[in-house]
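J.: Starting off with a structure, shown below.
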Amino acid sequence: MKVAVAGCCHGALDKMYETLELLQRRHNVRPDLLLCCGDFQAVRNEADLRCMAVPAKYRHMQTFYRYYSGEKKAPVLTVFIGGNHEASNHLQELPYGGWVAPNIYYLGYAGVVRFRGVRIGGISGIFKSHDYRKGHFECPPYNQQTIRSAYHVRNIEVFKLKQLKRPIDIFMSHDWPRSIYHYGNKKQLLKMKSFFRQEVESNTLGSPAASELLQHLKPTYWFSAHLHVKFAAFMQHETNSKEELPKATKFLALDKCLPHRDFLQIIDVEHDPNAGDSLEYDAEWIAILKATNSLVNVTQSTWNMPENNGLHAKWDYSVTEEAIKEVLEELNHDLKIPCNFTLTAACYDPGKPQKNMEPVHTINPQTTEFCAQFGLTDINDRIQQAKEEGSGRGECEEEEEEEMDSTGSAEEPSEYNTDNSGLSSFNPDEIMLDEEGGDEDLSTCSVDPSPDHPPEFSTSFSDIRIMPDSMAVSSDDAMDSNNEELEKSGGSKQVEEKSSSERSLKRFGGDENGNSGVKKIKRRNQAIYAAEDEDKTD
């Protein structure tokens with residue numbers, strides 16, 4: 001089957017779907033599935049805008065609300081993960097995944113589903129070591145700390161995914177797995193994004209948690225976004241025994257969704273021709289959720305996952321074939337995910353803007369139904385109970401949070417000794433949450449003045465590429481010709497982007513010793529934003 005993969009969507013759903021329709025008209029190619037690697041921005045109303053960690057001037061309604069209201073319907077099944085620019089209050093309603101609109105499915109904090117026999121997994125958010133070992137304690141209304149920590153990856157999600165034994169076909173993460181750049185055309189990457197050099201050479205660019213998952217899961221494909229540059233790599237995994245067959249992962253990072261950007265990729269994926277066309281639960285993943293349910297934590301206290309170190313009675317939470325069979329029997333062997341989308345918030349009305357709408361903590365019926373069906377803890381219900389009980393742990397009152405420092409606690413040891421989420425160097429293609437914007441009032445938001453008249457995107461078809469049969473790469477020198485094919489987004493565009501980057505670097509250039517001294521970057525003509533390093537901007 002044909003799978004379309006997109007990078008950072010930034011709420012531009014009309015743009016994505018128009019591009020897919022153009023693909024069908026011009027090339028007679030119709031994808032069966034669309035995957036989005038984060039920064040989806042499922043913004044329903046003005047309250048959702050306040051829950052995005054960006055300066056108010058970059059909070060634009062975009063077009064998701066039309067799909068949420070039912071005015072439009074996604075023309076292709078869309079599955080996405082969360083990034084670091086999301087309506088966190090909306091996605092938080094669905095910690096185990098669910099429909100954010102008809103035909104648009106969110107994978108949750110972490111999740112695995114099936115479509116036509118293809119196993120698709122993903123993890124939402126970006127990595128930050130100081131929040132990694134905390135529970136999911138945040139809830140709206142957020143403050144300056146929790147509006148950012150809400151989208152930080154937690155160790156429990158990584159731990160759950162590491163219990164998987166069956167092969168994964170496709171995996172998605174928002175930030176790149178650390179070290180993946182060593183398996184592709186690193187020379188070309190640094191030519192396009194020279195400001196990555198320090199992190200690449202020190203091997204600190206990307207997420208160590210994602211790297212750990214990559215080495216454990218060894219999926220056939222791994223897709224990421226976040227850094228706003230297209231990059232392909234091929235990683236041959238080491239085998240654990242002579243009997244184990246060699247495995248390799250084809251990695252692809254996608255650019256952001258903008259006109260004249262090569263932001264969509266089409267790949268052919270082997271599938272089960274006898275499988276149905278419905279999105280399905282994955283039985284092993286459901287069994288793992290049940291097995292790890294006792295580990296759910298909604299406090300901000302740091303804690304480690306069970307491991308074989310003599311401190312835990314149980315550390316292996318992988319599931320048996322019998323446990324998987326029990327899940328199948330519970331579902332009567334019908335794994336189809338119910339189409340039970342429900343409106344849980346008022347939808348934006350361009351004719352009646354409500355700029356003072358307040359975000360609220362909502363229990364989503366989809367999550368309630370899912371937890372009841374499989375005997376799982378409803379994380380939001382647990383948080384709500386903690387609030388009502390006035391418990392110090394799990395408390396979401398803004399007054400208490402404001403007493404904490406931005407890390408939430410003092411520095412504590414972690415299995416990861418760095419705190420890079422994937423972009424800590426100056427990136428002129430990004431917009432940082434600058435000093436004057438970093439402390440902006442979260443109650444302010446702006447709405448696109450003419451949401452019903454989006455720009456005309458169909459004049460350019462450079463946004464689409466069809467994946468060649470092989471993504472294999474070997475070394476920096478051997479990659480050049482391959483990369484031209486893999487990254488064919490137009491030589492002139494690369495030159496323009498490089499020139500723009502060089503101009504920006506000169507404009508904000510450092511002192512004679514090479515120190516940048518940059519405190520903030522403003523790119524007023526850029527329609528779509530992205531944060532550089534979330535805890536610099538965090």
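J.: For the range 2-390, count the residues as N, evaluate 2.2 N^0.38 Å, and divide the Cα radius of gyration by that value, please.
T.: Here the answer is 0.95, to two decimals.
J.: Hey, another quick one. Beta carbons within 10 angstrom, averaged per residue: use that to sort the peptides 75-88, 133-146, highest first.
T.: 75-88, 133-146
J.: Within the set LYS15/LYS191; LYS72/LYS336; LYS256/LYS314; LYS134/LYS242; LYS73/LYS290; LYS134/LYS290, which residue pairs have Cα atoms separated by over 31 Å?
T.: Long pairs (Cα-Cα over 31 Å): LYS256/LYS314; LYS134/LYS242; LYS73/LYS290.
J.: Right, another one. Taking every DSSP beta bridge with both residues inside the range 111-179, roughly what % is antiparallel (nearest 5)?
T.: Antiparallel bridges: around 50 percent, rounded to the nearest 5.
J.: Hey, rough spin-label estimate for ALA56 and LEU343, points 7 angstrom out along Cα→Cβ, what's it come to in nanometres?
T.: Distance between label points: 2.8 nm.
J.: Would you mind getting the accessible area per residue of the range 2-390, heavy atoms of the protein chains only, 1.4 Å probe, in Å²?
T.: 35 Å²
J.: Return the whole-Å distance between the Cα centroid of the range 127-180 and the Cα centroid of the range 51-68.
T.: Rounded to whole Å, the Cα centres lie 22 Å apart.
J.: What's the ranking of 376-385, 169-178 by average number of surrounding C-beta atoms within 10 Å, highest first?
T.: 169-178, 376-385
J.: Right, another one. Of the heavy-atom accessible surface of the range 2-390 (probe 1.4 angstrom), what whole percent is carbon and sulfur?
T.: 47 percent
J.: Relative contact order of the range 2-390: what whole-number percent is it, with Cα pairs under 8 angstrom and at least 6 residues apart?
T.: Here the relative contact order equals 21 percent.
J.: Quick check: residue separation of GLU330 and HIS27 times 0.36 nm, minus the Cα distance between them. What number comes out in nm?
T.: 104.7 nm
J.: Sort the range 18-119 into rounded, prolate or oblate with this rule: let a ≥ b ≥ c be the square roots of the eigenvalues of the Cα gyration tensor; rounded if a/c is under 1.5, and if a/c is not under 1.5, prolate when a/b is larger than b/c, oblate otherwise.
T.: Oblate.
J.: Note down the accessible area of LEU22, probe 1.4 Å, to the nearest 10 Å².
T.: Counting only protein heavy atoms, LEU22 exposes about 10 Å² to solvent.
J.: I need the peptides 57-63, 243-249, 293-299 ranked by packing, meaning the mean over residues of other C-beta atoms within 10 angstrom, with the highest value on top.
T.: In decreasing order of mean packing, 57-63, 243-249, 293-299 become 57-63, 293-299, 243-249.
J.: Related question: Suppose every K and R has +1 on its Cβ and every D and E has -1 on its Cβ; what is the size of the dipole of the range 2-390 about the Cα centre, in Debye to the nearest 20?
T.: 1520 debye
The values are calculated or read from the model by the stated rules, or taken from the named source; none is laboratory data. Note that the structure is predicted; figures quoted are calculated from it, not measured. Cβ sites come from the backbone with ideal geometry, for glycine too, and all protein chains shown count toward neighbours. Just the protein is used for accessible areas: all its heavy atoms, side chains included, with ligands, DNA and RNA removed. Shrake-Rupley method; radii C 1.70, N 1.55, O 1.52, S 1.80 Å.
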